[in-house]
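See structure below.
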Amino acid sequence: MSSPRRTLLFTVLVPPLVALYFVYTLQLHVIVPELTDVKEIPGLLSRIFFLLFKPPLGSAGDDDLFQQARSGAARKPFTRHIVAVGDLHGDLPNARKVLQFSGVTDGFGNWTGNVDFFVQTGDIIDRGDDTIALFDWMDKLRGQAASTGGVMLSHLGNHEWMNAIGDWRYVYASEIKTFGTVAERQALLSNGRIGRSWAANYTTTSRLPLHPSLGAPNTPFPPPSKLQKPGTNVANSYYYDAAQPLSHSAISFVHGGLSPTYKDLTPFPSRINEISDSLLKKLQQRVQPPPHPPNAYPGLPSSATQQEKELYDSNGPLWYRGWATDPEAKVCVDVEEVLAKTGTRRMIMGHTPDFTGIVARCKGKIIIIDTGISHAYGGVLSALSIHYTLTPVGNDADQRWVEKEVVSAIYPNKQEVIVTDEREVVGEFLG
């Protein structure tokens, strides 16, 4: 390009584009809504500067500049922020404090839009008087999150299931009064708005992909076409195929734990959630038995299947505590097989409290987030934060990316990094 022409283009085109670029970077583009493609300005500037200042064709560096311009326009960094909170047990004031200092909600208890996913691992009910207020707040936040592109993942803990069964050992008399009567409490938890929300919005476990190329939350793993053949060694199976570098870029959430000997781990999480949906329906639709105590323990319905009974026993995902209580040498071996089967890189759970803080084991492959938030326990207020990024490096032809995950424990006055995982992957990952 001749020098006069280059000068003219520079004088006429670049200043307004630079001005628009600064509007974009300062996040002031809301004042010019008619510029619907303003996010493309950085890529457009890259191409303009490439045309203005590229060396003559055939000169050294021409291919490199072209690749840089192409790369900058085609691949974009991806980020995802997740916050998870454990057992709340009837304490609305402490719950509000936790969600506020972790950035999920503002001072008025409304969704901020500062996180992509908020996960609660169950046991909202019992040991406190704020059952109705807490579940109503969760439903309000669910709607607010959806309106801004955020997602809530909610789980039923063993205490929600106890109440659905009629096991009221940890229900305060003062809490029953907030419902009115025993019968009114039973109705609200079965076919009333709380029970309907449990059936519609709560699961027993979740699989949350860190990158959207793996599908939406709770997409079954493995997909039907990739089911592991019987007798295949896990370490050499599809799960760790180098051709699927993001296959395990996902996290499992559950209340108790995913036992290595639990029979219905896969497909994950769909198999567990199918069983729990079936059992919850049976519990909510039966004539509600008089609660225990003072009456006899009602137990599961007579129509409960063997799989439904195993879901609720001590080895099932609602009650299992082995990841918290077994020796380090054992759990760090056992966890690998469970992660392989569930298509995840770490598992996060509540249920077993440590009143001093969040517990991480096996380099963050096991994380236990119940810290006794409720005043009934007097533990510490806490939340778990996960920042995930997938950043392009090199040029498009290489398809190289740096994947980074920073997992932190957040407390009222401090934040502690639990683990930072970083690696380079190669592939085409569509966000």
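Starting with the highest mean, order 211-223, 194-206 by the number of other Cβ atoms within 10 Å, averaged over the residues of each peptide. Don't skip to the end; give the middle numbers.
Numbers: 211-223: 16.5, 194-206: 20.0.
Going by the mean number of other Cβ atoms within 10 Å, highest first, we get 194-206, 211-223.
Evaluating 6.51 cos²θ - 1.76 cosθ + 1.60 at θ = phi - 60° for every residue in segment 185-195, the Karplus couplings come out as 5, 4, 5, 5, 8, 9, 10, x, 5, 5, x Hz, glycine and proline recorded as x. Placing pseudo-labels 7 Å out from each Cα toward the beta carbon at TYR172 and LYS76 gives an inter-label distance of 4.8 nm. A simple spin-label model places the labels of ASP326 and GLU422 3.3 nm from each other, with each point 7 Å out along Cα-to-Cβ. Legend: Rg and Dmax of segment 347-395, from Cα coordinates, 15.0, 55 Å.
Among the chymotrypsin sites (Phe, Trp or Tyr not before Pro) within segment 254-362, which fall in a DSSP loop and have no more than 13 other Cβ atoms within 10 Å of their own Cβ?
Values: sites: TYR262, TYR312, TRP319, TYR320, TRP323, PHE355; in loops: TYR262, TRP319, TYR320, PHE355.
Taking segment 254-362 and a limit of 13 other Cβ atoms within 10 Å, the loop chymotrypsin sites (Phe, Trp or Tyr not before Pro) found are PHE355.
Report the paramagnetic label zone for SER278: residues of segment 308-323 whose backbone N is under 16 Å from a point 7 Å from Cα along the Cα-to-Cβ axis. 308-313, 317, by backbone N distance to the label point.
None of the figures in this text is laboratory data; all of them are computed from the coordinates on show. Computed from a prediction, not measured in an experiment: that's the story for all the values here. Note: ideal-geometry Cβ built from the backbone for every residue, glycine included; neighbour counts use all protein chains shown.
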